[in-house]
Amino acid sequence: MSPDFQIEPWEDGCALPVKAHPGARREGVSGCRSGCLKIEVTPAPENGKANKAIVRLLAKTLRVRAGQIVLLSGGASTRKRFGIRDMSPEMACARLLALSMIGD
């Protein structure tokens, strides 16, 4: 089973494409959309609050420290790319597949 999106190698670990849904009623990973991991967070997209919430949620989901996650692109967009330091694409894929939401 493989995810419906591409987790790419990045110089410090791996890069994860994300489709953000800020201002949601609840927070969580809700599957895949348009080749990205869909993440819903409750904060509105103002002053970086939604991005910070996404980092916290990714850290919890991937079981890493929030400091290991960096926003690579898409700061003001719903389509984002996050880098996860010290994590291989294979490890990220395995941890996300454990959610049973992103496979074929």
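The values are calculated or read from the model by the stated rules, or taken from the named source; none is laboratory data. The shown structure was predicted, so the numbers you read here are calculated from the model rather than taken from an experiment. A quick note on method: Cβ atoms are made from the backbone with ideal geometry, for glycine too, and the neighbour counts reach across all protein chains shown.
Here are some notes:
- With respect to (1) more than 10 Å from the chain's Cα centre (by Cα); (2) closer than 19 Å to Arg95 by Cα; (3) touching a residue at least 12 places away in the same chain (Cβ under 8 Å), the lone exception for Ala66 is condition (3).
- Verdict on Lys52 being in contact (Cβ under 8 Å) with a residue 12 or more places away in the chain, within 12 Å of the chain's Cα centre (by Cα) and surrounded by 14 or more Cβ atoms within 10 Å (Cβ to Cβ): no
- Subset tally (residues that are farther than 18 Å from Leu97 by Cα and either part of a strand (DSSP E or B) or touching a strand residue (DSSP E or B) at 6+ places or on another chain (Cβ under 8 Å) (or both)) for the range 28-44: 1
- Members of the range 53-104 that are part of a helix (DSSP H, G or I), under 18 Å from Lys19 (Cα atoms) and small (Gly, Ala, Ser): Ala53, Ala59, Ala92
- Meets criteria (closer than 18 Å to Phe5 by Cα, modelled with pLDDT of 95 or more, surrounded by 15 or more Cβ atoms within 10 Å (Cβ to Cβ) and out of contact with any Ser or Thr (no Cβ under 8 Å at 6 or more places or on another chain)) for Leu58: yes
- Applying the criterion of being under 16 Å from Glu46 (Cβ atoms) and hydroxyl-bearing (Ser, Thr, Tyr) to the residues of the range 67-90, the residue that is surrounded by the fewest Cβ atoms within 10 Å (Cβ to Cβ) is Ser77.
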